[in-house]
1. Highest GNM mean-square fluctuation, the chain, Cα pairs closer than 10 Å: which of I34, I56, I81?
2. Contour minus end-to-end for A72 and K54, with contour as 0.36 nm per residue of separation and end-to-end as the Cα-Cα distance?
3. Using a cut-off of 18 Å between alpha-carbon atoms, which aspartates and glutamates can reach K73, once sequence neighbours fewer than 8 places away in the same chain are excluded?
4. Mind checking which lysines have their C-alpha under 29 Å from K25, skipping anything on the same chain fewer than 8 residues away?
5. Could you tell me what percent of the accessible area of the chain is made up of carbon and sulfur, with a 1.4 Å probe and every protein chain present?
6. Compute the relative contact order of the chain as a whole-number percentage, counting only Cα pairs closer than 8 Å that sit 6 or more residues apart in sequence.
7. Tell me, what HN-Hα J-couplings in whole Hz come from the Karplus equation 6.51 cos²θ - 1.76 cosθ + 1.60 at θ = phi - 60° for each residue of the range 49-66, using x for Gly and Pro?
8. Pick from N52, N66, N40: which is most flexible by mean-square fluctuation in a GNM of the chain where alpha carbon atoms under 10 Å apart are linked?
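The values are calculated or read from the model by the stated rules, or taken from the named source; none is laboratory data. No experiment lies behind these values; they were computed from the predicted model shown. The area values use the complete protein model at the heavy-atom level, side chains included, leaving out ligands, DNA and RNA. Shrake-Rupley method; radii C 1.70, N 1.55, O 1.52, S 1.80 Å.
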Amino acid sequence: MIEIKDLPNSSPYSLFNSYFEEAKKAKQNPINAIAISSYNPNLREVTSRFVNLKYIVKDEWTFFTNYQSPKAKDFQKHNQISALIFWESIN
C-alpha cells in the first residue's frame, strides 16, 4: 500500500488521490506498481522499469531502486522522469 501524507490539493495530486482511492475501493492489486521511464543523454535512449511506489509526502514520491543500477545512473544524468500507473480495476 502507498503511504500518503500531506498531499497538495492542487492538480495533478488531487487527481491522483481520487484515482488512488477509487482503485483501493476496487481492490486493485498491485496498487503500488508504477513504470518509471528515464532518459540517458549519453545513449539518447529512454528506458523503463517497474518499481514499487512506497510513499508520497507532500509533492515527493519515493520508490526504491538500486543506487548502482543503470536506472539510478540515468537519474543522476537527467533528472526528469515519467511515471505510468496502470490500475486495471478502474480502467
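1. With Cα springs under 10 Å in the chain, the top fluctuation among I34, I56, I81 is at I81.
2. 4.8 nm
3. Answer for K73, where 18 Å is the Cα cut-off: E45, listed by chain and number.
4. Result set, ordered by chain and number: K5, K54, K58.
5. 49
6. Working: 128 pairs, mean separation 31.5, N = 91.
Relative contact order here is 35 percent.
7. Computed from phi, the couplings for the range 49-66 are 7, 8, 9, 9, 6, 9, 9, 10, 10, 6, 10, 9, 9, 10, 9, 9, 8, 7 Hz.
8. Among N52, N66, N40, the largest GNM mean-square fluctuation belongs to N66.
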